[in-house]
Amino acid sequence: MDTRKVQRTGKSTFIVSLPKAWATKNGISAGSIIYINQGDNGALTLSTDRSERDLRAKLDIGDKLGEHLVRDIIGCYVGGYRTIEVTSKHMSSAQKKDLHQIVNKLIGPEILEETINKVVIQDLLSSEELQSERALKRIRTVVKSMIQDSFSSLLNNNEELAMDVIQRDNDVDRLNLLISRQFTEILRSGSVKQETLNPITAFNYMQAASNLERIADHAHRIAQIAKQCNCSLAEDLKEELSRMEVLLCSLIDDSISYLLQTNSDKANELIDRIREIQKRAEGITESTGSQDKSEMLVRLVLASSLERMFDYIMNIGELTINLSHATRPAAHLAEKA
């Protein structure tokens, strides 16, 4: 770490010299303009470019198809690249089809150029148009609707509703990837303004979004069972499912609200509340009457998914507690000690 001594010139101006290596690397000379951004923690970020950096990735995909190609494009997207130039000596129609499908699953990117052996993907969404907090609230809304409809499709043998839930899982994935991308941009001091969200908060929001995405996966799983197993559930199971659906949605609402408020006391209460509910949910595999194999399968899937969903909500509560301590002023921590 370089250190510099602050000097004073005139009556009110403080000056500090720039590291020579950094100045040379960035082409700074006498008369150059440097942009200074102040973060929430008092840190100053220096930049030679006021506009968003056009980070460009060049990707030679060779003969990659399917999941391998998907992972590469998503990796570039989450890495914060604004432009992804995809090339291949002999790009097949199948590869181009895969690229179009990948782009449709992401928020922001569009295909702007397409030739025989090249596809250029450009991110047209300004990172400030959908900040992490808004995206997190949107994920919460979608996940709650997936839980409500997955349970409803199971209770009412509604295959069409189950299919709709399965499709909505893609919306959660897209929002989750967007939040991961924005976290990368904040670390790079790129297009997201640091005064709107500091890196510590952004990290915890990203982790919360990841937990919501996993809850959505379990709603997806319940919807798949509803689509595959056309069975009439016992009355005791129907009643328990109705109660659990209301509880889950309420807990998800509270967990994200407490995170956005950085309310650690409420988060602790939430975790204690979930542990009590989990004890009751453990009995969902038990039945008061006879049951066929289809119903037993439904009970096993539900018990497993409910346990994991409650765990993920508790994880969000723990993130709230961690964030409250990480963002607390050091002087306040010293007083507590």
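The numbers here are math on the coordinates, done by the rules we state, and not lab data. Not measured: the values here are computed from a predicted model. All Cβ positions, even for glycine, are placed from backbone atoms using ideal geometry, and neighbour counts span all protein chains on display.
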With a point put 7 Å past each Cα toward its Cβ, work out how far R8 is from E307 in nm, to one decimal. 6.7 nm
Once you list every other residue whose beta carbon is under 11 Å from the beta carbon of M206, what net charge do they have if Lys and Arg are +1 and Asp and Glu are -1? 0
Could you sort the peptides 211-217, 60-66, 72-78, 15-21 by per-residue average Cβ neighbour count (10 Å cutoff), highest mean leading? 211-217, 72-78, 60-66, 15-21
Cα-based reach from K238 at 23 Å (exclusive), listing lysines while leaving out same-chain residues under 8 positions away: K144, K227, K279, K293
Using per-residue counts of other Cβ atoms within 10 Å, averaged over each peptide, order 174-181, 24-31, 296-303 from highest down. 174-181, 296-303, 24-31
